[in-house]
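Written below as structure tokens is the structure these notes are about.
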Amino acid sequence: MSNEAVHLVFMGVAGCGKTTAAQQMADFLKWPAAEADDFHPQANIDKMSAGTPLTDEDRWPWLRSIRDWMSDHARNGQSTIVTCSALKRSYRDLLRESQGRVFFVHLTVPEDVIRERMATRDHFMKPNMLPSQFATLEDLESDEDGVVISALGDIDETFNATVNALREQGLID
């Protein structure tokens, strides 16, 4: 492992398990964690709460604030964990501008399973917006630093698969 700060970005569509997986990893690694939803301005939350998908123009300031949070930690020598949908390559490119190594953990779950999950939670992202998430999603490309993990199983299976992948990459001991 290098001394460079590492930023693990748990990405994927709403309801795929980003927050649960990231929190479990943060507890395990004892790294600072941030939920990207907390970086949204109220206007974005209001828009999504009304069932309107965000535009790229809505997302750029939000993504820059996440990138800056990661860079602030990297300047202090801290690795971090972040949840962020990061659905498009261009969004991930902006996050990769952060100081330190940005590594994406793309959690995947079939749409019908996510729809069931979303029906049981209280969140501003509503199930009717899920198709727009899948339509926007651009899979990680071979030149992007990251791994794809199925989050279809239970949280322990997802956690173990993630830990194994991160160890294979030399990102954690």
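The chain: Rg/Rh from Cα coordinates, Kirkwood Rh?
With Rg and the Kirkwood Rh in hand, the quotient comes to 0.94.
Label points 7 Å out from Cα along the Cβ direction at Glu97 and Glu116: separation in nm?
In this crude spin-label approximation the distance works out to 4.1 nm.
In whole Hz, with x marking every Gly and Pro, tabulate ³J(HN,Hα) for segment 142-151 from phi via Karplus 6.51 cos²θ - 1.76 cosθ + 1.60, θ = phi - 60°.
These are the phi-based 3J(HN,Hα) values: 4, 8, 8, 7, x, 9, 9, 10, 6, 10 Hz.
How much length would be gained if the chain were fully extended between Ser150 and Lys30, taking 0.36 nm per residue of separation minus their Cα-Cα distance, in nm to one decimal?
40.9 nm
Label points 7 Å out from Cα along the Cβ direction at Gln78 and Gln169: separation in nm?
Roughly 2.1 nm, to one decimal.
From the helices alone, meaning DSSP H stretches of at least four residues, give me the mean residue ellipticity at 222 nm for the chain, per-run term -39500 (n - 2.57), in deg cm²/dmol to the nearest 500.
-13500 deg cm²/dmol
For the pair Arg64 and Thr136, how long in nm is the line joining their label points, each one 7 Å along Cα→Cβ?
Roughly 1.8 nm, to one decimal.
Taking a probe of 1.4 Å, how large is the accessible area per residue of segment 5-142, in Å²?
Ligands and nucleic acids excluded, the figure is 44 Å² per residue.
The values are calculated or read from the model by the stated rules, or taken from the named source; none is laboratory data. Quick caveat, the model's predicted, so the values are computed rather than measured. A quick note on method: Cβ atoms are made from the backbone with ideal geometry, for glycine too, and the neighbour counts reach across all protein chains shown. Calculation scope for accessible area: heavy atoms of the full protein, side chains included, ligands and nucleic acids excluded. Shrake-Rupley method; radii C 1.70, N 1.55, O 1.52, S 1.80 Å.
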